[in-house]
Amino acid sequence: MEASVADAGSKSFGGDGDDGLLRMAVMNELIAPEVLPFQTELISKTKDFVDAEEEKSNQSYKGESEDAFLRRQLLTSWYLQRVKYALSAYLQTRLRKIQKHAEYILHSPLETHKLSDNELQFLKQFRELELEQSRALDLISPKIAERIGNSGTPKAGTLHFTSLALLLLGVVES
């Protein structure tokens, strides 16, 4: 089977306009003030598509010139970068909302059902670290707490948990 260079940049994964569905999921998540239900099937399809296309882009078709192969590979790479960017934007937006509303989400069964398993695990660990920080700041003098810019209670989104955020990368890079 031979693919044209034009086809390489105009793919629609899953065959049902999933790239449009992913863009819509990103926009909905950005616009909505609350965390929306996790798009399990769409994220899974996206991951599978990216993995398959990355593997296919490294294969040369019978009779394909080196120049055509490199162009196809480049166009496919650009397209996959766009898909990965949209996927990353979706997950990062959800992470920010989870961090911002951690307490509320954790104590609301309706909200926790909207999270993926990895997000729920992240939320619990994030909340534990927030509480540990709060307890630690309560132990130090108020003057020191003021110097580090915190009066004893952590503000949502002020903590950087790169290692915990990697849990969500399991959704992207499993």
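The values are calculated or read from the model by the stated rules, or taken from the named source; none is laboratory data. These numbers come from a predicted model, not from an experiment. Ideal geometry is used to build each Cβ from the backbone, glycine not excepted, and the neighbour counts take in all protein chains shown.
Just a yes or no: is a residue in region 145-159 modelled with pLDDT of 85 or more and not aromatic (Phe, Trp, Tyr)?
So far as region 145-159 goes, no, none of its residues is modelled with pLDDT of 85 or more and not aromatic (Phe, Trp, Tyr).
Output the residues belonging to region 116-139 that are among the small types (Gly, Ala, Ser), part of a helix (DSSP H, G or I) and surrounded by 18 or more Cβ atoms within 10 Å (Cβ to Cβ). Talk me through it step by step, then tell me what you get.
Step one: filter region 116-139 for residues among the small types (Gly, Ala, Ser), giving 116, 134, 136.
Those left that are additionally part of a helix (DSSP H, G or I): 134, 136.
Across region 116-139, there are no qualifying residues.
Does any residue in region 31-44 that is among the aromatic types (Phe, Trp, Tyr) come within less than 8 Å, Cβ to Cβ, of a residue that is in a loop (DSSP other than H, G, I, E, B) six or more places away or on a different chain, and which pairs are these?
As it stands, the answer is Phe38/Lys114; Phe38/Leu115; Phe38/Ser116, since those pairs meet every condition given.
Taking the criterion of being modelled with pLDDT of 85 or more and either within 23 Å of Phe126 (Cβ to Cβ) or touching a Pro at 6+ places or on another chain (Cβ under 9 Å) (or both), would at least one residue in region 76-88 satisfy it?
Yes.
Results for (1) under 25 Å from Asn28 (Cβ atoms); (2) surrounded by fewer than 15 Cβ atoms within 10 Å (Cβ to Cβ); (3) touching a Cys at 6+ places or on another chain (Cβ under 9 Å); (4) not small (Gly, Ala, Ser), shown as yes or no for each residue.
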site	(1), (2), (3), (4)
Glu55	no, yes, no, yes
Tyr61	no, yes, no, yes
Phe69	no, no, no, yes
Thr76	no, no, no, yes
Gln81	yes, yes, no, yes
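Can we say Phe49 is hydrophobic (A, V, I, L, M, F, W, C), at pLDDT below 90 and more than 21 Å from Ile105 (Cα to Cα)?
Working: hydrophobic (A, V, I, L, M, F, W, C): yes; at pLDDT below 90: no; more than 21 Å from Ile105 (Cα to Cα): yes.
No; evaluated as a whole, the condition is false for this residue.
Condition check: more than 13 Å from the chain's Cα centre (by Cα) and part of a helix (DSSP H, G or I). Does Leu70 satisfy that?
Yes: the conditions hold for Leu70.
How many residues does region 90-120 hold that are over 14 Å from the mean Cα position of the chain (by Cα) and among the small types (Gly, Ala, Ser)?
Residues that pass the stated criteria total 2.
Restricting attention to region 9-45, report how many residues are charged (D, E, K, R), modelled with pLDDT of 90 or more and either touching a strand residue (DSSP E or B) at 6+ places or on another chain (Cβ under 7 Å) or surrounded by 14 or more Cβ atoms within 10 Å (Cβ to Cβ) (or both).
Summing the residues that are charged (D, E, K, R), modelled with pLDDT of 90 or more and either touching a strand residue (DSSP E or B) at 6+ places or on another chain (Cβ under 7 Å) or surrounded by 14 or more Cβ atoms within 10 Å (Cβ to Cβ) (or both) in region 9-45 gives 3.
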